[in-house]
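See structure below.
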Amino acid sequence: MFKRTALTGLLVAVVSLGLSEVAYAPVINGTPAADELQGTLQDDQMLSYVPKNGVCEEEELCLFSRDNFRGDVYDFAPCENVPSFFGIRFINSARSLNNNAESVWNRSGYIYEIYDLSNYRGQSMEILGGRINEDDLGALADDISSHQCTGN
């Protein structure tokens, strides 16, 4: 017997909107709602989730494959923690996000820490807000493997 859940409703809504993929599975009451969970949202952000669309919009953290905020983009939900970019691809691209971001735009209002290793390890940089280009990323340009929301 098929049981209707909030996730089922979200997937039905996405299909009816004609979106080809959903790059995020929500967390409900602290428990992943799908096995393919890529990140987690803070409790106060769960209801405002919008499927990833490859456009850097307000309230998102965005990573770009080229400098000057060009190329492929991956737009993260507000305060989304991602312990590993392994297996994540830029939206509408075959290119891996892991170690391939040259610029970052924080439009979320939250503070992030980006890391060169998975599981929030290694060299890091605090991203307060605004645009961070390849030159400002320094050694982290093309070497970002995880990020963590640290506050607002």
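Quick notes on this one:
- Least to most buried among Glu57, Glu134, Glu80 (fewest other Cβ within 10 Å first): Glu57, Glu134, Glu80
- All-pairs Cα distance distribution in segment 71-152, expressed in whole percent, bin size 5 Å: 3, 17, 28, 29, 19, 3, 0
- Here the residues Val55, Val104, ranked from fewest to most Cβ neighbours within 10 Å of their Cβ, fall in the order Val55, Val104.
- In segment 66-152, trypsin sites (Lys or Arg not before Pro) in a DSSP loop with at most 15 other beta-carbon atoms within 10 Å: Arg95
- Spin-label pair Asp136/Asn92, simplified geometry with 7 Å Cα→Cβ offset, distance in nm: 2.6
- Exposure proxy for Ile88, Ile114: other Cβ atoms within 10 Å of each Cβ, ordered fewest to most, give Ile88, Ile114.
Bear in mind that the values in this text are calculations on the coordinates, not laboratory data. On a predicted model such as this, the values are computed, not experimentally measured, just so you know. Ideal geometry is used to build each Cβ from the backbone, glycine not excepted, and the neighbour counts take in all protein chains shown.
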